[in-house]
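Just below is one structure, and these are the notes that go with it.
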Amino acid sequence: RSMDTSYTRSEYAARKQNDKLAKQAALHQEKQAHQAQRKQPPEPTKHVRKITATVDHQREKNKRTREDAEPEPEEEAQFYLRKEDGSQVLYARAVQDIIAFLQDQGTEASLEEIGRGVSINMLQDGRMLEALKNNPRIEPIADAAGEKLRYRPPFGVRNRGSLKHLLSRAAPGVETDGRTLEQVGETEAVLRSQLKAAETYASLEIDIDELLEQGSCVRVKPSESRGLDYVLFAPPLGQPASEEVRALWRDGEKVPPKEELGKELVRRKLRSAE
């Protein structure tokens, strides 16, 4: 009987130990499953999927736009050129020297003349000439003798005549009705800061002041401008007033107050007393 009791107790202890181990194993498995579930990314909600789809669509649209658009000269011209002394120069640096040479030249120049001026073989890379033709400060000239280039100043202003021509056609808020400004025969008003003597010609500042004084153009300070900048355009409504008329306007009597003006009109029988 004592042996049966001993066996029962041993069996009970072993069973209890097995239950404990089984419970620990189950808890361990549950913990591992929970951790594995936490590592998995959550199922995206409809809102997240919608945002992602919108962003992807916009990226694809931007990509197509970039592919369809003409590349900027600065973007496509990242290559090196070899100079006559054997050294290399990046195109972005070489084009600055070429523009400076053409500006000093004042007229069109052949590729051979430009090459001698900047010590670069202008025909060593086909990408170079194509990039130069697309540069906003360089104007390609068609010539039977070969390719020629010329400096292109802002708005084509090379001298007093071209400046006066520009400002005589400049008008704020030009209505083109789908046509280009060249077809309309006018151009938009010009910001004064966009005309610089260093980029056009030496006496630009003097000529602008004289044209303003003569009434050949007018200037207006934009309401949103915080600096000293202003816009230039042709005087509206035909011919500008002469200096004599302006002097009369400055020196003339001011308009009287409303009450006095009304009494004066009644006295002169230009308005009824009622």
Check: Looking only at the stretch 136-165, which residues are modelled with pLDDT under 95 and aromatic (Phe, Trp, Tyr)?
Finding: PHE155
Next item on the list: Might you check whether a residue that is closer than 29 Å to GLN103 by Cα, surrounded by 12 or more Cβ atoms within 10 Å (Cβ to Cβ) and at pLDDT below 60 occurs anywhere in the stretch 182-190?
Entry: yes
Checklist line | Whichever residue in the stretch 191-227 is among the β-branched types (Val, Ile, Thr) and more than 22 Å from the chain's Cα centre (by Cα) and, among such residues, is modelled with the lowest pLDDT | finding: VAL220
Margin query: What's the number of the only condition in (1) exposed (fewer than 15 other Cβ atoms within 10 Å of the Cβ); (2) touching a residue at least 24 places away in the same chain (Cβ under 8 Å); (3) touching a Lys or Arg at 6+ places or on another chain (Cβ under 7 Å) that GLN88 fails to meet?
Written below: (2)
Next item on the list: Restrict the check to the stretch 86-95 and report whether at least one residue is in contact with a strand residue (DSSP E or B) (Cβ under 7 Å, 6 or more places away or on another chain), aromatic (Phe, Trp, Tyr) and either at pLDDT 90 or above or not assigned by TED's automatic domain parsing to the domain that holds SER203 (or both).
Entry: yes
Margin query: Here is a list: ILE98, ILE120. Which entry is surrounded by 13 or more Cβ atoms within 10 Å (Cβ to Cβ), closer than 19 Å to THR200 by Cα and among the β-branched types (Val, Ile, Thr)?
Written below: ILE98
Checklist line | Tally of residues being buried (at least 16 other Cβ atoms within 10 Å of the Cβ) and part of a helix (DSSP H, G or I) across the stretch 130-161 | finding: 4
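The values are calculated or read from the model by the stated rules, or taken from the named source; none is laboratory data. Please read these numbers as outputs of a predicted model, since none were measured by experiment. No Cβ is skipped: glycine too gets one built from the backbone with ideal geometry, and neighbour counts run over all protein chains shown.
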